[in-house]
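K.L.:
Just dropping this structure here.
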Amino acid sequence: MKRLEYSPDAAQKLRNIKRDVTLNFGTDVAKRVVSNMTKALRRLQKFEKSGISVEKTLGVPCDYLMVYTEHNYAFYRITEETIYIIDILHEREDFMWKLFGVQTTSRETEDYWDE
């Protein structure tokens with residue numbers, strides 16, 4: 001079975017999710033959310049290709065796969081020895097821009113929403 005490793009950014013995002021959910025919804029909800037997320041990511045050790053190919057789905061040439069769990073996308077890549085969690089981004093974040101530099105909104109949209 002391959003090791004599951006988190007990038008420093010992904011590990012920090014999990015801690016931030018736990019902190020933010022605790023502040024907004026309480027400790028019990030935060031524990032459940034983080035537990036569900038880590039279970040979904042640990043499942044990749046048995047079913048490593050269960051994620052969706054970013055290249056096939058979004059047309060971005062890369063070897064990343066992604067899984068969706070608890071309103072977050074977790075991006076990972078498979079190596080010979082590990083399942084490496086690259087980043088975790090909330091569903092409301094523009095992951096195409098943050099990960100790949102691909103602009104997905106028009107200037108008009110950004111101006112309208114004052115972003």
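The values are calculated or read from the model by the stated rules, or taken from the named source; none is laboratory data. The shown structure was predicted, so the numbers you read here are calculated from the model rather than taken from an experiment. We place every Cβ from the backbone using ideal geometry, glycine too, and count neighbours over all the protein chains shown.
Here is a yes/no grid of residues against (1) crowded, with 17+ Cβ neighbours inside 10 Å; (2) among the charged types (D, E, K, R); (3) in a strand (DSSP E or B):
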{"residue": "Leu23", "(1), (2), (3)": "no, no, no"}
{"residue": "Asp28", "(1), (2), (3)": "no, yes, no"}
{"residue": "Arg32", "(1), (2), (3)": "no, yes, no"}
{"residue": "Lys39", "(1), (2), (3)": "no, yes, no"}
{"residue": "Leu44", "(1), (2), (3)": "yes, no, no"}
{"residue": "Tyr68", "(1), (2), (3)": "no, no, yes"}
{"residue": "Phe75", "(1), (2), (3)": "yes, no, yes"}
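K.L.:
May I ask you to list pairs of residues, at least six apart or on different chains, whose Cβ atoms are under 7 Å apart, with the first in segment 47-66 being more than 13 Å from Ile86 (Cα to Cα) and the second being exposed (fewer than 11 other Cβ atoms within 10 Å of the Cβ) and at pLDDT below 90?
P.N.:
Listed pairs, sorted by first residue: Glu55/Pro61.
K.L.:
Among the residues of segment 29-40, are any within 17 Å of Glu91 (Cβ to Cβ) and among the small types (Gly, Ala, Ser)?
P.N.:
yes
K.L.:
Kindly list, by first and then second residue, each pair from a residue in segment 82-100 that is of a type in the set (D, E, K, R) to a residue that is in a loop (DSSP other than H, G, I, E, B) and modelled with pLDDT under 90, limited to pairs with Cβ atoms under 8 Å and residues at least 6 apart or on different chains.
P.N.:
Qualifying pairs under 8 Å: Asp94/Thr104; Asp94/Thr105.
K.L.:
Select from segment 1-21 the residues that are part of a strand (DSSP E or B) and not basic (Lys, Arg) and list them in ascending order.
P.N.:
Within segment 1-21, Leu4, Glu5, Tyr6 meet the criteria.
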